[in-house]
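Quick notes on the structure that follows.
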């Protein structure tokens, strides 16, 4: 019996006594356990030989034994326990090695593998959500440790750090490739089933199309499932930040509130960038939707959001709008916001603590220009030349990302007819410059009144009635707390049936509708609202974790007035409400 036969025997341990569909899941669990266990033991031994530290060797050996136990449990028919043990072991190991090794390895990149593994192994929605929630909490714990430095990593020399980091990256890539292989295998199986049910109808789909379909399924499911638990975490962090700002007696909580908000926002940014890159690679970039908008309130709103993040480093973002800039512009504000978001996020990551980031907007000839200057360590010429490539990112002790932000910013800038450049020198920070064609509207633009994100003072909605139709109890509590805080009267329904009854009983001023609910889903509820003469004129804001453009457009065509992607950014929700409810200023 050769090595291939041994590996095949290990992968199929416990398959004999189950039906075909369950047997495929057992094979996946065994394969992932075998691969992860072998990689853990191998990398643990290599790290021990490089550094002489037992703090990695023995935990790695224990991890390998636990994955062996998973296969033993499968052999004994304990399939559910085996799957849960595999997933918990992977998460605990990710946290332990992330704390022990710090930036020596990119443990956060395991998040994609862990989430996709849960979607492969577990079929019940509740178990999937719990598993993804556990992974999100593990990632937040690692991000929080990067913010605070509470747990000091094992000291290693630069050469060891370099060798081991690349060994870890190769291991993570291998695990992700293994998961994508199973997704592609399942997609191919689905295609075969379609062919059989359609009496031999041949589906002429090339190998590349198969791979793209598998990746799209993977990205879409992962994005939606992560956003559900992240909505609660992100909502809590926003409410906590607002309470800390509004109530001086909560000042001792600020050191916890700010890192939680920053870590949550960073995870959300990573999700959005991965989704955007998937769209770019598939050639599905949205068409430009240019419209007039007022420059100053838009920029101040974006900067205010990132000022929260910057505060965790003692960093101040200074915004300067040159007097030669027109008050209003014509462009695609959504794509401009993505560009500015990524530039500010990058500057906050790499600027030094207790410094200032300067953002300046000015007009030059037929162009308008945004510059963002950080006070970081700067980059060498070699790294400047590669900085806009995907997955290229400098490392720092504050926060880590995917290296996608600047790549996406460049693609979107070029789509808008502009260009983006960077100048940098070691020890002198970096200056990013984005130029766009200058287009101005003929008539002035009037913006709706917006929340003041800096002072926390904002117009009140004066008892406007909001009906929230949402099945997740935690989301109900968090969103209701925010709505009541801005002067709304809130009614809550657990599903579409109860929501329609509540709306007919007492007509609301606006409806906040979750699109994924039991008994009566969001799409069916929306149709009933638009068919009812009493309710047809009520504005409806649809909320969902599905961030795909096609789903948004389909929901708007079905009758929704607005589409809000979860996790919900409360400033965005406020501005949508202000568009329909016409708030009146409060004193003070």
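Bear in mind that the values in this text are calculations on the coordinates, not laboratory data. Keep in mind that this is a model prediction, so the values were computed, not measured. We place every Cβ from the backbone using ideal geometry, glycine too, and count neighbours over all the protein chains shown.
Arranged from highest to lowest average of other beta-carbon atoms within 10 Å per residue, in what order do the peptides 462-474, 237-249 appear? Numbers along the way, then the final one.
Values: 462-474: 18.8, 237-249: 16.2.
Going from most to least packed, we get 462-474, 237-249.
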Going by the alpha-carbon gyration tensor, a ≥ b ≥ c the square roots of its eigenvalues, is segment 107-174 rounded (a/c under 1.5) or, if a/c is not under 1.5, prolate (a/b greater than b/c) versus oblate? oblate
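Averaging sequence separations of C-alpha pairs under 8 Å and six or more residues apart, then dividing by the length of segment 291-437, give the relative contact order as a whole percent.
Relative contact order, segment 291-437: 24 percent.
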